[in-house]
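The values are calculated or read from the model by the stated rules, or taken from the named source; none is laboratory data. Quantities reported herein were computed from a predicted structural model and do not represent experimental measurements. Glycine gets a Cβ as well: all are built from the backbone with ideal geometry, and neighbour counts include every protein chain shown.
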Amino acid sequence: MGLTVTEKILSTHIGEGKLEKGKVIGLKIDQCLTQDSTGTMAWLQFETLGLPKVQCETAVSYIDHTSLAFRGESSDDHLFLQTIAKKYGAYCSKAGNGVCHQVHYERFAAPGKTLLGSDSHTPTSSSLGMIAIGAGGADVAVAMGGGYFYMRVPKIMQIKLTGELNKGVSAKDVILEVLRKISVKGGVGYILEYTGPGVETLSVPQRATITNMGAETGATTSVFPSDEITKDFLKAQFRERDWIELKADPDAKYDKTLEINLSELEPLVAMPGMPDNIKPISEVEGTEITQVYIGSCTNGSYDDLALGAMMLEGKEVSKEIETILSPGSRQVEQTLLADGFFETYVNAGVRTIEPGCHACIGMGYVPGYHHHSVRTVNRNWFGRGGSKDARIILSSVETAIASALAGKLADPRKVDWEEEELYNMNVIDDALIIPPVAQPDAARVEIKRAPNIVAMEPQVKLPESFEEEVLLKVGDGISTDDILPAGSLTQHLRSNLPEIAKYTYHYIDKDFASRAEEKGGGYIVGGENYGQGSSREHAALAPWQLNIKAVFAKSYARIHKANLINAGIVPFETDTDQIDMGDKIKVDNLADLPKGKLVGQNLTKGKEIKLKVTLGKRDLDILFKGGLLAYTKSLHE
């Protein structure tokens, strides 16, 4: 039987275990990336390993989420990340160079390789035919130290593409259609592999849009083949040496297949609240808006933004709204400048900002109360974008430009514009990338640490039993943004757990953190798909800092469940409908966790609670040691 692209890459990177669906494997990691929201903690965790340098082939420390350094603490983090990368042999992509995912697939990603990143949109680089996975910072720290990344071998869902996109319809509409069909939970336990003749009609940047936002399905990652289109892209990056052909065998078998005819797609948008709240533009055009934001790691490529400029040629955006452009990388910005398209945006009345994450995570351009903002980003939960009162609509660049011109949500197929030949060569600009420093010079580098950079407390072993109070009960689909908000509230505190923990569940229950401190810890109860969204391990570490012992939920998002385990918090699965806030729950015989089932006692209600724990042996060992760092350290004692 032939192999899929996924199986070909995984099979060459197994360091432990066998490539059997549902089995746990230890995956060898070639490349690692961190960013300034998660990277400070990841690098602090790497330091605890006591190694002289990173052990993976390539590690890159990106500064993109707080690139504008609106607080002094952010500038402190940037200098810390720059100097620690220099000391331990990693690249550093400085503020202004762009969003990590855009820069990484431009300058570092390579077909056939594996990448682990402390950001959930790391799968962007799988557009080049590699396995790129988002994970928590502790997992990335271990991978930078040469350790394996442990995961259950996922099933593979074939997304078979036929036909070709019509004018006004884009790759963003492809992934919105996938979300419409399978939802934000439909990818859990799968890798999405794109096949079919329609793949050949998509450029690498278009593929990157699809793999980037594939994270919103809950999938482990998404992957495209490496073909002549991939080769042409790498050639334009002067990286043709990194290319290998990588395609699925004709007789490869998939666990599930979803077919999409690109020719039949129409422009789609995700209306506020969830990335899978998908509507055809024909149903919602005319919706009042106050803002349009174009760019981000999802749609910040040169191809995307050049097309947007073509639509704007000779026109002006509506004066009644605000329109902002943020290129995905410095390379994109420089290429737009070289071909005159940047000037087109400026002449059309668009505001511009340097490459970075910015509005996507609420670092500037925060919409007002119930204001609709059309954005080419990947997430639109309430609380995303810097305000729980904002109403974010996700769209393609074409739809965003059409809406900017109309001053309301609009159909791009109704805009009159001519497609031009794209600039045939990127402006390669690595001026803001600092390469690794060789030993022994690296050993002499002083890591710059400000008072806001606080080392983690030691992790302690799991006790024999729990008897705690439920401090908070929440519903289905709780995101990492719900647990720990992004944006100006917390971005400057990512290296300071005691301070950032004070904002845990800030938007849902502002008293939660103080209640947890007063009670000395306790439990959190959730519903389905608890912890969906970003790889933000702070959403697990902040509750750990508040002495949360366990979470009870119906099901968990993959990355967050792993982060809870890495933090030493037990992720129990149970029917939470019968548990209420304030209930006292006792769980005896935690030594029986390997059996996979326990019985807890709801002391308040006088009822038994059947508890399930779906964990592998290594997960259990990590929990018993108190967390991944304690477990990893114990291996070397």
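See the values below:
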quantity: All positions within the range 406-428 that are closer than 22 Å to T209 by Cα, touching a helix residue (DSSP H, G or I) at 6+ places or on another chain (Cβ under 7 Å) and part of a loop (DSSP other than H, G, I, E, B); calculated: L409, A410, D411, E419, E420, L422, Y423, M425, N426, V427, I428
quantity: Enumeration of residues in the range 604-637 that are among the polar types (S, T, N, Q) and either more than 22 Å from G136 (Cα to Cα) or out of contact with any Leu (no Cβ under 9 Å at 6 or more places or on another chain) (or both); calculated: T604, T614, S634
quantity: Residue within the range 174-197 that is of a type in the set (G, A, S), in a helix (DSSP H, G or I), surrounded by 21 or more Cβ atoms within 10 Å (Cβ to Cβ) and assigned by TED's automatic domain parsing to the domain that holds I9 present; calculated: no
quantity: Scan of the range 234-258 for residues that are closer than 25 Å to Y105 by Cβ and of a type in the set (V, I, T), ordered by number; calculated: I244
quantity: Of residues in the range 194-214 being touching a Pro at 6+ places or on another chain (Cβ under 9 Å) and not β-branched (V, I, T), the one nearest to T257 (Cα to Cα); calculated: Y194
quantity: Filtered residue count, the range 123-139, keeping only those that are part of a helix (DSSP H, G or I), modelled with pLDDT of 95 or more and touching a Leu at 6+ places or on another chain (Cβ under 6 Å); calculated: 1
quantity: In the range 326-338, residue nearest to G308 (Cα to Cα) [restricted to those that are among the aliphatic types (A, V, I, L, M) and crowded, with 24+ Cβ neighbours inside 10 Å]; calculated: L336
quantity: Spans of strands (runs of 3 or more DSSP E) in the range 1-118 with at least 3 residues free of Cβ contacts under 8 Å to residues at least 60 places away in the same chain; calculated: 58-62
quantity: Residue check for S93: in contact with a helix residue (DSSP H, G or I) (Cβ under 7 Å, 6 or more places away or on another chain), polar (S, T, N, Q) and at pLDDT 95 or above; calculated: yes
quantity: Options F233, F238, F224: the member that is under 27 Å from D119 (Cα atoms), of a type outside the set (S, T, Y) and either at pLDDT below 95 or surrounded by fewer than 18 Cβ atoms within 10 Å (Cβ to Cβ) (or both); calculated: F238
quantity: Elements of type helices (runs of 4 or more DSSP H) in the range 271-355, at least 2 residues being among the charged types (D, E, K, R); calculated: 302-312, 330-339
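Here is a yes/no grid of residues against (1) in contact with a strand residue (DSSP E or B) (Cβ under 7 Å, 6 or more places away or on another chain); (2) farther than 18 Å from V317 by Cα; (3) modelled with pLDDT of 95 or more; (4) not in a loop (DSSP other than H, G, I, E, B):
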{"position": "G364", "(1), (2), (3), (4)": "no, yes, no, no"}
{"position": "S373", "(1), (2), (3), (4)": "yes, no, yes, yes"}
{"position": "N380", "(1), (2), (3), (4)": "yes, yes, no, no"}
{"position": "R384", "(1), (2), (3), (4)": "yes, yes, no, yes"}
{"position": "S387", "(1), (2), (3), (4)": "no, yes, no, no"}
{"position": "T399", "(1), (2), (3), (4)": "yes, no, yes, yes"}
{"position": "A404", "(1), (2), (3), (4)": "yes, no, yes, yes"}
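Residues are listed down the side, and each one gets a yes or a no for (1) buried (at least 22 other Cβ atoms within 10 Å of the Cβ); (2) of a type in the set (K, R):
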site: K28; (1), (2): no, yes
site: T38; (1), (2): yes, no
site: E47; (1), (2): no, no
site: Q55; (1), (2): no, no
site: S61; (1), (2): yes, no
site: S67; (1), (2): yes, no
site: S74; (1), (2): yes, no
site: A95; (1), (2): yes, no
site: Y105; (1), (2): yes, no
